[in-house]
């Protein structure tokens, strides 16, 4: 505003003084130049007080030497690759990536038109063929190097012509940083040795230290331009972001990192929660992987509880001396769904324990009777409270001295409740009808072993979700009663996700188990049913460990969306073998191969053929022992005679 007024004032003076037009323009130009100088000087003053991003990230000093830079207190050197062998394997760059050092990597890809390369290759083929023919006419020995080169060029020409390969000029630079000059030389030697072990030749910059450093800055400027001709396949094998290291000082061995052959050692209890989910198709090795984790967790002192729908864990339980509990209509093992939690360290009020028991029992009744309307739900709620009150279980009771009611007690209460007759009639098949005995007896199972397996294989499909719900509720009561390091494995968890009440119960368990030192592992092969449930998605979100093995094409898109997989990881899960997949631990993940020792394999195998061989070997051993005892007895009788 000041400048504008000054210009107007000058124009007014020019008009009043009768100044000529040329002189007026001259004076206006002088005023404008003076104003411009004022603006520039004021801007310089302003900028002296402004801190920019470059001021924050720039080093305090920079010293350039022939083969390195000194940025502040850091020593910096750039290495570049000048030659590659005829063949390089996928992941050859992983040892550099996994070095425990600070460095920058820059890769530059310069596409070359296929027509240009095909023309050059045609000339090269002509030269090689002429040389080979000339050597043959002279009677010279065949040259395998020229013959190999000719075959490689012909194969490359075919690939370029068919469009399956493209051609690039590829530049690779590595800039390393150290605090001392000695460390810089040692690290340079180490990187060069790793390259050399793969027949890849590299050099250190010489009188181009600054250009090398600039080439690895995130600016996209290649100031060195040391390139090597490559087609798509070897260029792709140089991709650096292959896997993460998942090796820690504590925990158990989950498998082998498929890209760098490092060990995937992890302690699930070191994460924000110890929950895990396992997704795979049938026969992909999910039960094998979990049984291997169970064996190794047992050796680390953890207690393990398993919900086994197909008797897959029976052999493992027998081998380690675990407790195997079969739940069926004809079984002597009974679990009462009306059992109450024992107060842990006396910090839970009896009123809260009774309320939780009523809510859990109501979820079970919904599974047994189907959906309830609002009136029926209210009747069941009142009847459950009355059922506990009939057994003198009230907020003022000593819960350590009570006898829990059974299903028949609830039926009696419903019979005497207005509007409860129909509900009691529907409940009768679980107390006196076809399913009588399963949920109508006091609990008689013991969970005082390090490994406890609950088998529900012999139950009808209609009863299986109800039985699993009851078993998990019983386990949850035990877990809350005594705090220990425990793992709960729920195999074929999709059974529970089919019903809202059971899915909600599993979700609540997964959310709360961390407080009781429990890790829940949910395993399923029906990925679509599990992930399309809102509770299934929430269970995945609340699980810090995820193991994805081979997936079916029908579910891979949903898995890719849920776990944010790349296209490469997607195809890895479609094409991987048994026991192979991707292991997620928190924010890290790596391609995994589950590997067991021979002894572990004999304990955890699920292969029917292998199990039959083991059983036959046991029978043969038992028969040989029996024959040996008979021989010993006959020898003793002869001596007595």
Can you give me the Cα centroid spacing of segment 384-434 and segment 112-143 in angstrom? 93 Å
With only helices counted (DSSP H, runs n ≥ 4, each -39500 (n - 2.57)), the per-residue ellipticity at 222 nm for the chain, to the nearest 500, works out to -15000 deg cm²/dmol
So what is the relative contact order of the chain, in percent, for Cα pairs below 8 Å that sit 6 or more residues apart? 16 percent
Helix 350-369 against the longest principal axis of the chain: what's the angle in degrees, Cα atoms only, rounded to the nearest 10? 90 degrees
For segment 513-634, what's the relative contact order in percent, using C-alpha pairs closer than 8 Å and at least 6 residues apart? 17 percent
Antiparallel bridges, percent of DSSP beta bridges restricted to the chain (to nearest 5): 65 percent
Degrees, to the nearest 10: 464-481 long Cα axis against longest axis of the chain: 80 degrees
How high is the relative contact order of segment 62-237, given as a whole-number percent (alpha carbon pairs under 8 Å, six or more residues apart)? 43 percent
Candidate values (i) 33.3; (ii) 23.7; (iii) 32.2, label of the one derived for Kirkwood radius over Cα pairs in Å: (iii)
Quick calc of log₁₀ I(q)/I(0), segment 62-237, Debye, one scatterer on every Cα, no solvent, q values 0.09, 0.10, 0.12, 0.13 1/Å, result -0.42, -0.51, -0.68, -0.76
Degrees, to the nearest 10: 114-138 long Cα axis against longest axis of the chain: 90 degrees
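Where a number appears in this text, it was derived from the coordinates with a stated rule and is not lab data. Since we're looking at a predicted model, the values are computed, not measured.
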